[in-house]
Amino acid sequence: MKRSIALSVNGVSHSVEVEPRALLAQVLRDDLNLTGTHIGCDTSQCGACTIHLNGRATKSCTVLAVQAEGAEITTIEGLAKNGALHPLQNAFWEKHGLQCGFCTPGMIMSAADLLASNGSPSDEQIRHAIEGNLCRCTGYQNIVAAIKSAASA
């Protein structure tokens with residue numbers, strides 16, 4: 001039995017019919033076509049599905065869509081403003097902080113949460129902030145460099 005919920009995603013209001021067991025990650029991807037939120041593990045281990053829920057980095061595979069009713073949600077698609085990439089998106093590009101790109105949206109969303117509260121983080125603080133996000137390609141050094149670069153931008 002589906003239920004209608006109201007979500008605000010990237011500043012746009014949506015009314016969505018969802019199953020009570022539907023995960024927020026699934027609703028974002030399947031119902032709202034926001035495919036930048038990746039589903040990598042379904043167990044909250046990889047962080048590829050990280051979004052901002054009421055301003056905080058949250059793994060969207062750990063939240064039922066009905067739990068997010070009335071919340072302010074930002075996905076990777078919502079970071080760019082007026083056609084310009086977010087400084088973190090630019091920095092990941094410029095500092096080669098990605099290879100396959102699968103983890104990148106979640107990494108950027110976690111990093112954006114960090115930079116919102118700490119505009120000049122140390123390497124250790126950056127590594128701590130992204131420790132819930134797995135990358136199988138880069139070795140993390142360029143990711144850390146990208147986040148530091150965005151912090152100084």
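The values are calculated or read from the model by the stated rules, or taken from the named source; none is laboratory data. Since we're looking at a predicted model, the values are computed, not measured. Reconstructed Cβ throughout: ideal geometry from the backbone, glycine too, with neighbour counts over all protein chains shown.
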**Asked** When you look at residue 130, is it aliphatic (A, V, I, L, M), in contact with a Cys (Cβ under 9 Å, 6 or more places away or on another chain), farther than 22 Å from residue 29 by Cα and buried (at least 19 other Cβ atoms within 10 Å of the Cβ), yes or no?
**Response** no
**Request:** Inspect all residues belonging to the stretch 45-56 and state whether any of them is surrounded by fewer than 23 Cβ atoms within 10 Å (Cβ to Cβ), farther than 20 Å from residue 13 by Cα and in the same structural domain as residue 33 (by TED's automatic domain parsing).
**Result:** yes
**Item:** Test: residue in the stretch 105-114 that is outside the structural domain of residue 9 (by TED's automatic domain parsing) and not in a helix (DSSP H, G or I)
**Value:** no
**Asked** Can you tell me which residues in the stretch 101-153 are of a type in the set (D, E, K, R), over 21 Å from residue 40 (Cα atoms) and in contact (Cβ under 8 Å) with a residue 12 or more places away in the chain?
**Response** 123, 148
**Message:** Yes or no: the stretch 98-105 includes at least one residue that is exposed (fewer than 14 other Cβ atoms within 10 Å of the Cβ) and either touching a Cys at 6+ places or on another chain (Cβ under 8 Å) or closer than 24 Å to residue 12 by Cα (or both).
**Reply:** yes
**Asked** Has the stretch 71-81 got any residue that is in a helix (DSSP H, G or I), under 22 Å from residue 107 (Cβ atoms) and among the acidic types (Asp, Glu)?
**Response** yes
**Complete:** Checked the stretch 34-84 for anything closer than 21 Å to residue 5 by Cα and among the hydroxyl-bearing types (Ser, Thr, Tyr); matches are 35, 37, 50, 58, 60, 62, 74, 75
**Message:** I'd like the residue in the stretch 136-153 that is farther than 17 Å from residue 100 by Cα and of a type outside the set (Ser, Thr, Tyr) and, out of all such residues, is surrounded by the most Cβ atoms within 10 Å (Cβ to Cβ).
**Reply:** 147
**Prompt:** Identify, please: which residue in the stretch 81-90 is modelled with pLDDT of 95 or more and either under 21 Å from residue 63 (Cα atoms) or under 16 Å from the mean Cα position of the chain (by Cα) (or both) and is, among those, surrounded by the most Cβ atoms within 10 Å (Cβ to Cβ)?
**Reply:** 88
**Complete:** Taking the stretch 100-139 and keeping only residues that are under 17 Å from the mean Cα position of the chain (by Cα) and hydroxyl-bearing (Ser, Thr, Tyr), one is left with 104, 110, 117
**Request:** May I ask you to list the residues in the stretch 1-44 that are in contact (Cβ under 8 Å) with a residue 24 or more places away in the chain, farther than 28 Å from residue 100 by Cα and not in a loop (DSSP other than H, G, I, E, B)?
**Result:** 3, 5, 6, 7, 8, 16, 18
